[in-house]
1. For segment 138-165, what are the residues that are more than 17 Å from the chain's Cα centre (by Cα) and modelled with pLDDT under 90?
2. Just name the residue that is nearest to residue 98 (Cα to Cα) out of those in segment 163-194 that are surrounded by fewer than 19 Cβ atoms within 10 Å (Cβ to Cβ) and among the hydrophobic types (A, V, I, L, M, F, W, C).
3. Go through 299, 281 for me and flag whichever is within 46 Å of the chain's Cα centre (by Cα) and of a type in the set (A, V, I, L, M).
4. I'd like to know if segment 105-115 contains one or more residues that are crowded, with 16+ Cβ neighbours inside 10 Å, closer than 30 Å to residue 219 by Cβ and touching a Gly at 6+ places or on another chain (Cβ under 9 Å).
5. Which of the residues spanning segment 163-201 are touching a helix residue (DSSP H, G or I) at 6+ places or on another chain (Cβ under 7 Å) and at positive phi?
6. Identify, from the list 219, 155, 148, the residue that is under 21 Å from residue 259 (Cβ atoms) and not small (Gly, Ala, Ser).
7. Being touching a Gly at 6+ places or on another chain (Cβ under 9 Å) and of a type outside the set (D, E, K, R) is the filter here; which residues of segment 186-207 pass it?
8. Does residue 162 satisfy being in contact with a Gly (Cβ under 8 Å, 6 or more places away or on another chain) and touching a residue at least 12 places away in the same chain (Cβ under 8 Å)?
Amino acid sequence: MTLVVLLGVALALGLLQLRHMAFPPSPDLVAEIEQWRHSREVATRRAGTDEPISPLGRITRWVAETLRANRPEFLDNIAPDLAITGRDLQAWLSKVTALTLAFGLGPTLIMLGRRLGGNDVSLQWGPVLGVVLAAAAVLLSVRDLRTEANKRREEFTRALSIYMDLVAMSMEAGQGHAQALPAAAQIGTGQAFGEMRTSIELAPSKGISAWEALGQLGERYRIPELVSLRSSIELAQDDGARVKASLIARADTMRSTRLAAAVERANNATQSMRQLTLVAAMLAAIYICGPYILALRGAAG
């Protein structure tokens, strides 16, 4: 009898659990909102907690705040260069600040050390030389950043030209631009193709077209070819024939530009080799004829 009662209780509990799983109770929205607010307050307090910052970090933060307040156009100008070279603004400013402090204070500290060592050294030229070296460090850092960024842009432009050739070939084979864009991006390798492939793949999730995604990439990296490509496709108004014609024309233009740049580089290399050959011939002539000329001058003297 007891066993039958226990089995009945177990069956009843199982039926209740099954009913609870099939028809769960409505959630307590007030409790969930309160829990969400509490979690948000905790996350805000944790985010607002100041972590220990090094003296160089404090100086770098002050430099960044000063530039944002007084020279925002400078930060806007170097933002595409930092983006295309894969550098962070804070890290780059830390490096530049460290170099500026080292070159700015170095001459004064060296002269002060020599003065303490007993040498009669004037300290008045230390700060002047430090200011000159610090300014040179800043200018050279900015120049190196822009040089590397321009090199990356040239590589990106060459990759874009090859990409446009692949897209044009795919469209001439019968594919539409919606299929040719991602298909051509899957073929190439390297940073440029990876960036374009990622932008095209993420375009639907952002609710924009692939051309708009490539245009935003061009604005981020300051690549005018991508921006003008977006503008030309937008002028076609999504007409298949006009888009195809515009893409083929743009591919031909970029191919001609790429070939012209390659020819110019080859001509410059040839000219440099000619100059080196001429200099080597002159040095060889001097090396061969020099002893004879000296001998003749000695005999005549």
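The values are calculated or read from the model by the stated rules, or taken from the named source; none is laboratory data. All values reported here derive from a predicted model rather than from experimental measurement. Every residue, glycine among them, receives a Cβ derived from its backbone with ideal geometry; neighbour counts consider all protein chains shown.
1. 161, 162, 163, 164, 165
2. As a first pass, look at segment 163-194 and keep what is surrounded by fewer than 19 Cβ atoms within 10 Å (Cβ to Cβ): 165, 169, 172-176, 178-179, 182-183, 186-191, 194.
Still in the running and among the hydrophobic types (A, V, I, L, M, F, W, C): 169, 173, 178, 183, 187.
Working: 169: 51, 173: 56, 178: 49, 183: 46, 187: 43 Å.
It comes out as 187.
3. Working: 299 fails: within 46 Å of the chain's Cα centre (by Cα).
Unique residue meeting the criteria: 281.
4. no
5. 190
6. Details: 219 fails: under 21 Å from residue 259 (Cβ atoms); 148 fails: under 21 Å from residue 259 (Cβ atoms).
Matching residue, one of 219, 155, 148: 155.
7. Applying the first criterion (touching a Gly at 6+ places or on another chain (Cβ under 9 Å)) to segment 186-207 yields 188, 191, 194, 196-197.
Answer for segment 186-207, where residues must be touching a Gly at 6+ places or on another chain (Cβ under 9 Å) and of a type outside the set (D, E, K, R): 188, 191, 194, 196.
8. Working: in contact with a Gly (Cβ under 8 Å, 6 or more places away or on another chain): yes; touching a residue at least 12 places away in the same chain (Cβ under 8 Å): yes.
Yes; evaluated as a whole, the condition is true for this residue.
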